Amino acid sequence: MGLGGAALAEESTGLEPTWFSPLPEVFFAAPTGLTLQEYGPDWVSIGTPSLENGFLPEVDVHAFQGGPSEGSPDFETFALAALRNTCAADGPGETIHCDAVRHRQPFTSDSGLEGEILYLDRVHETWDPASREVTVFGQIFLFDLSGKTNGEEWIALVVQPVPTLELDAIDDQLLADIARTVEVATGPIDGG
């Protein structure tokens, strides 16, 4: 399923390259059998079809765009603030949010696009202050696309687990498989 109506030819890896919108220069591949659900012009989830719920998201791929006018002094601060926002989820009597970066390491996609893998502290709290639980959330793949695509001064592309997934439901291999395929096209793009 292509975003923005454009799809690339299937590759021998069993992954189906898919345009990522709103950055037409950027694409990634989603494994065959999974579906894409677009939540906005800059956010897509990858998951499995479900008769019960319609769609069970596993991975979020999204872009954040901004600049110094957003109140952040640099790309790093901007990207981490955006990641913390995507990790937040509230429910009846509970809240989940991400806090500090626990671990980071360099990462390079198969196309040579450099990024990093982050692990954040995920905090789960209920109305009872004694219920506060801190776990590791990740792996989160972060790519700085600033200057590599058209758009704002800072552009962060993120491949991350859906924040509401239980830790044992996060598929690290799926995340890595998708992140490895992220590519910025450098030649003419046929958007048709």
field: Tally of residues being modelled with pLDDT of 90 or more, open to solvent by less than 40 Å² (accessible area, probe 1.4 Å) and over 17 Å from residue 44 (Cα atoms) across region 147-169
entry: 1
message: Let me confirm something: among 106, 68, which residue is in contact (Cβ under 8 Å) with a residue 60 or more places away in the chain, at negative phi and surrounded by fewer than 16 Cβ atoms within 10 Å (Cβ to Cβ)?
response: 68
- prompt: Going by the conditions given, is residue 120 within 17 Å of residue 42 (Cα to Cα) and surrounded by 15 or more Cβ atoms within 10 Å (Cβ to Cβ)?
  reply: no
Close pairs from region 48-65: first within 18 Å of residue 177 (Cβ to Cβ), partner open to solvent by less than 30 Å² (accessible area, probe 1.4 Å) and basic (Lys, Arg), Cβ under 6 Å, at least 6 apart: none
- line: Residue count, region 171-182, condition of a type in the set (A, V, I, L, M, F, W, C) and either open to solvent by 70 Å² or more (accessible area, probe 1.4 Å) or without any contact (Cβ under 8 Å) to a residue 12 or more places away in the chain (or both), comes to 0
query: Within region 36-71, can you find the residues that are outside any loop (DSSP other than H, G, I, E, B), among the polar types (S, T, N, Q) and at pLDDT below 85?
result: 50, 69
task: From (1) modelled with pLDDT under 90; (2) within 17 Å of residue 145 (Cα to Cα); (3) open to solvent by less than 40 Å² (accessible area, probe 1.4 Å), pick out the condition that doesn't hold for residue 29.
output: (2)
message: Of everything in region 123-138, what is open to solvent by 20 Å² or more (accessible area, probe 1.4 Å) and either touching a Phe, Trp or Tyr at 6+ places or on another chain (Cβ under 7 Å) or not in a strand (DSSP E or B) (or both)? Give them in sequence order.
response: 127, 128, 129, 130, 131, 132, 136
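The values are calculated or read from the model by the stated rules, or taken from the named source; none is laboratory data. If you're wondering where the values come from, they're calculated on a predicted model, not measured in any experiment. All Cβ positions, even for glycine, are placed from backbone atoms using ideal geometry, and neighbour counts span all protein chains on display. Side chains are part of the model used for accessible areas, which takes the heavy atoms of the whole protein and leaves out ligands, DNA and RNA. Shrake-Rupley method; radii C 1.70, N 1.55, O 1.52, S 1.80 Å.
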